[in-house]
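The values are calculated or read from the model by the stated rules, or taken from the named source; none is laboratory data. Just so we're clear, the structure is a prediction, and the values are computed from it rather than from any experiment. So basically every Cβ, Gly included, is an ideal-geometry build from the backbone, and we count neighbours across all protein chains shown.
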Amino acid sequence: MPAKSPRQLWFAAAVAFIAASAPLGRSFAQGDLPEPAFVDTPCSLPNVTPEILPRLRCGTVAVPRDHDNPGAGRFKLAIVVVRSAQQPAFPDPVVYINGGPGSPLTIYADRQARTPYAPDRDLILVDQRGTGRSEPKLCPDHDGALFDAALAVATDPSDDALAKRRTVYAACRAEATAHGFDMRNFGTSVTVADFEWVRRALGIERWNVYGESYGTTVAMTLVALHPETVRAAVLDSIYPPDPRPMQSANVADALDAFFRYCAGDQACAAAYPDLPATYRETVSGLVRAPLIVAVPPKTHPPDDRVSLTSTLFEALVGRLIYYPTAYPSLPRLIATVHNRDSQGLGQVLATALSTAAAEVNHSTYLAVECRDRPHYRDPLPAGASVLDRLQLYGLCDDWSEIGPAPLVPSGTAVPMLVLAGEFDPVARPSLSQHVAALIGPNARWVEFPRIGHNVRAFSPCGAKIAADFIDQPAQSPDTSCADRAAPIRFLPK
């Protein structure tokens, strides 16, 4: 891939949205467009406890399928408003924009209510279009097959497996279009228009925006397009603008940082004296001969065994580096596979596979990424790792045309806080710091040692800093707790 200039690295094209709709089946004039409306529904959510249920208000907002053509139909988005424990709540609620794209949110309302982003403010949860309980279901007959096809490439990274994966993705698109769905009605620009529609439906003049992972892409674009509606914004674990670094490079940077920490830790260095070399030897060994691992029944039908290839191993380790809860056992896992010992690996693989399969609607992920990210239409760079072949290269050309680019709100007056994890495999801290610099002087950047992706979920310090910032965005929050992170207690070899 030819080198790109700094100007090319960050797209700054302005996008205009039409935030109005018309009733189905009739022509409309500008003056007669209805206002967005919130429709209450029963809170039939899983795992909601009796003490949390009275604080929940559930409902839907019908948004235009096509914001440029409001008469073309609607999609209902699932919404949950979590009332703060203190009532009356402070004005300007928090809207949490989660990641993926394609991850459900409202089914976790009970958990979200127990860990408020700003304890004295209401919290707004939205299942983005095509995710969770929101419409549409793009290709329900093929969504699971999309994950299975990617897993097949990880266990057998051959050209034949890649071709079969393309066939599955094409079948998903064919199913979606057969149901009348237009692939142009997806992408971050559409998601931002949906959130603006939800804000108006709830009668909110201004809100505080908390974006996490892919949600940071939505949050930045929302701030760029509708700054007057945002009191403050938190970007937790940046999802970099396009073209983002190769996945293998992101994971390698995160692992290098983790390995350096191990080398500086007395217990880890003694038990694993050269962990980087052990990791490289493990990958090389799996290239020569994959390790067959028995997994619990129904984890990987039709077999109860998984071929742990070098690609699948790298993907597994790249996934575990997201989570600080995995750090104590990660060196031992690498050493175990290095020694060709499969005992205990089955449950680790089963948990990783089942979580990855369930946490994202894969067709929505494809629909958004193929609209947002032109680099997936570029040829896979020469020398790219097999891990990079698991990305969407070669799968977006026939999905849809490129959509409006996500934006970085350069020079915004909106106060913004950027949280970065030292071991983040999605964006190294230097990259998120660069994004903060692009935003300008109103962005504050904080790095959290011994944290991966999703700072707030794993750092009480990060949660406190974010809450303090939302309460007083004009003031610099006290970030000293970030320097007092607890050391990792590594498990013995």
Close pairs from the stretch 364-378: first over 18 Å from Leu138 (Cα atoms), partner modelled with pLDDT under 95 and polar (S, T, N, Q), Cβ under 9 Å, at least 6 apart: Tyr376/Gln391
Selection count, the stretch 197-222, where residues are of a type in the set (Val, Ile, Thr) and farther than 18 Å from Arg121 by Cβ: 4
Subset tally (residues that are in contact with a Gly (Cβ under 8 Å, 6 or more places away or on another chain) and charged (D, E, K, R)) for the stretch 360-371: 1
Selected residue (only one of Gly187, Gly180 is free of Cβ contacts under 8 Å to residues at least 24 places away in the same chain, farther than 30 Å from Leu286 by Cα and of a type outside the set (Ser, Thr, Tyr)): Gly180
Condition met for Ala171 (among the hydrophobic types (A, V, I, L, M, F, W, C) and either assigned to a loop (DSSP other than H, G, I, E, B) or touching a His at 6+ places or on another chain (Cβ under 8 Å) (or both)): yes
Residue that is farthest from the chain's Cα centre (by Cα), among those in the stretch 323-362 that are farther than 21 Å from Pro492 by Cα and in a loop (DSSP other than H, G, I, E, B): Asn361
Close pairs (7 angstrom Cβ cut-off, 6 or more residues apart or separate chains): free of Cβ contacts under 8 Å to residues at least 24 places away in the same chain in the stretch 122-149, not in a strand (DSSP E or B) anywhere: Ala149/Lys164; Ala149/Arg165; Ala149/Val168
Yes/no for Arg489 being touching a Gly at 6+ places or on another chain (Cβ under 9 Å), modelled with pLDDT of 95 or more and within 28 Å of Val317 (Cβ to Cβ): no
Residue match in the stretch 190-211 (condition: assigned by TED's automatic domain parsing to the domain that holds Ala118, in contact with a Gly (Cβ under 6 Å, 6 or more places away or on another chain) and farther than 19 Å from Ser363 by Cβ): no
Candidate set from the stretch 88-114 (those that are part of a loop (DSSP other than H, G, I, E, B) and under 19 Å from the mean Cα position of the chain (by Cα)); member that is nearest to Val48 (Cα to Cα): Leu105
Residues within the stretch 173-206 that are under 21 Å from the mean Cα position of the chain (by Cα) and either aliphatic (A, V, I, L, M) or more than 25 Å from Cys139 (Cα to Cα) (or both), tallied: 6
